[in-house]
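Please read the structure below before turning to the comments.
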Amino acid sequence: SRRRRARKAGVESDGHTTADQHDYWRSKGIDPETCYYCNRPVENWETSEGDHVIPIVKGGPDTVENIVPCCPKVRGSKVRGLGNCQSSKKDKLLFTEWTPPIFRDEATLDGVNLAEADRRKAYLLDIMNRFQETETRKKG
């Protein structure tokens, strides 16, 4: 489970439930039924725990702020891009080789206007920037 992975990795966890996660998304204007990255429907969204923007294996926290709704197709592409995170080379893959569809020039999000795509990008970049700032403070 994600809580066990977070505990094993020694990362921050807020102990949220799936219902807490969905409530948080709704409070931020995020539809739990729609993939945040590509706008496809999320299958079984009622029980979906979402996707960690910064994966637990890369030190990302298991908190509501670090999770977005994600469809199986994008999750699969992210896992294939991330690979087995045991080696330092592959540990760098998330940010260098896997790019969310909304960040790709050729990406089109059915039913999402440009302003909404920009809002989603800003939200993801904020998560990534806050994580990098936290990591920098830990090292400094």
* To do: Taking the Cβ of Gly29 as the centre, find all other residues whose Cβ is under 12 Å away and add up their charges (Lys, Arg: +1; Asp, Glu: -1).
  => +2
* Using modelled amide H (1.01 Å from N, peptide plane; none on Pro or chain starts), what sits under 5 Å from the amide H of Asp51, excluding residues fewer than 5 places away? -> Val68, Cys70
* Structure fact -> Asp51 neighbourhood, Cβ < 11 Å, K/R = +1, D/E = -1, net charge +2
* **For the range 29-70: accessible area per residue (Å², 1.4 Å)** => 36
* Using θ = phi - 60° and the Karplus curve 6.51 cos²θ - 1.76 cosθ + 1.60, what whole-Hz ³J(HN,Hα) does each residue of the range 48-57 get, with Gly and Pro shown as x? -> 6, 8, x, 10, 6, 4, 9, x, 4, 5
* How far apart, in nm, are two points set 7 Å out from the Cα along the Cα-to-Cβ line at Lys28 and at Arg7? -> 2.5
* Per-peptide average of other Cβ atoms within 10 Å, ordering 6-16, 60-70 highest first -> 60-70, 6-16
* So what's the net charge close to Tyr123: Lys and Arg +1, Asp and Glu -1, counting the other residues with Cβ under 12 Å from its Cβ? -> +1
* Work out the FRET efficiency for Lys73 and Ala115 from their Cβ-Cβ distance, taking R0 = 25 Å, and round it to the nearest 0.05. => 0.55
* Per-residue accessible area for Thr136 at 1.4 Å probe radius, Å² rounded to 10? -> 90
* Links that overshoot a 21 Å alpha carbon limit, given the list Lys28/Lys139; Lys28/Lys73; Lys58/Lys139; Lys8/Lys121; Lys28/Lys121 -> Lys28/Lys139; Lys28/Lys73; Lys8/Lys121
* Could you list the trypsin sites (Lys or Arg not before Pro) in the range 9-60 that lie in coil according to DSSP, counting only those with at most 12 other Cβ atoms within 10 Å of their Cβ? => Lys28
* With a 1.4 Å probe and every protein chain kept in, tell me what percent of the accessible surface of the range 1-45 is carbon plus sulfur. => 44
* Structure fact -> The answer for Ser13, listing residues at least 5 apart or on another chain whose modeled amide H is closer than 5 Å to its amide H, is Asp62
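The values are calculated or read from the model by the stated rules, or taken from the named source; none is laboratory data. Keep in mind the model is a prediction, meaning the values are calculated, not measured. Quick reminder, even Gly has a Cβ in these numbers, built from the backbone with ideal geometry, and neighbours come from all protein chains shown. Please note that ligands, DNA and RNA were not included when accessible areas were found on the heavy atoms of the full protein model with its side chains. Shrake-Rupley method; radii C 1.70, N 1.55, O 1.52, S 1.80 Å.
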